[in-house]
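Engineer: Handing you a structure now.
The values are calculated or read from the model by the stated rules, or taken from the named source; none is laboratory data. None of these values were measured; they are calculated from a predicted model. A quick note on method: Cβ atoms are made from the backbone with ideal geometry, for glycine too, and the neighbour counts reach across all protein chains shown.
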């Protein structure tokens, strides 16, 4: 069974593995588990920034005569942002879009494991992102997932 930490690690592995060849040959230079301070300059580009938000918690109690266990179902939204640097903003957008396609293919291949409750929902898209007073073409994506936690 997956946990939030193992899923974040797998997501970062997917991000770090991405390679594109068009419109230019490029690889990801860094995938942060947690974003650095907003005033820190981004030097290793393109890079992914990650954080997460818990969206819902549900407690399920199994009151069967033969016993059972309580489960806590927790739903998370993983927030993944790709920052690209290119002097030509249109080409930067094309690079980000190429990484988006590679991300979806790699995500489908590497993230879904037997026993996972990952629902396969990915939301978001191409954005002009800001970091440390600088604008970057990039991706602003949300990956939704659920986990069950045994409670007794």
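Engineer: State all residues of the range 14-43 that are part of a helix (DSSP H, G or I) and in contact with a strand residue (DSSP E or B) (Cβ under 8 Å, 6 or more places away or on another chain); if no residue qualifies, say none.
Structural biologist: Kept after step one, since they are part of a helix (DSSP H, G or I), are these residues of the range 14-43: 14-17.
Passing the criteria: 15, 16.
Engineer: Is one or more of the residues making up the range 105-112 in a loop (DSSP other than H, G, I, E, B) and modelled with pLDDT of 90 or more?
Structural biologist: no
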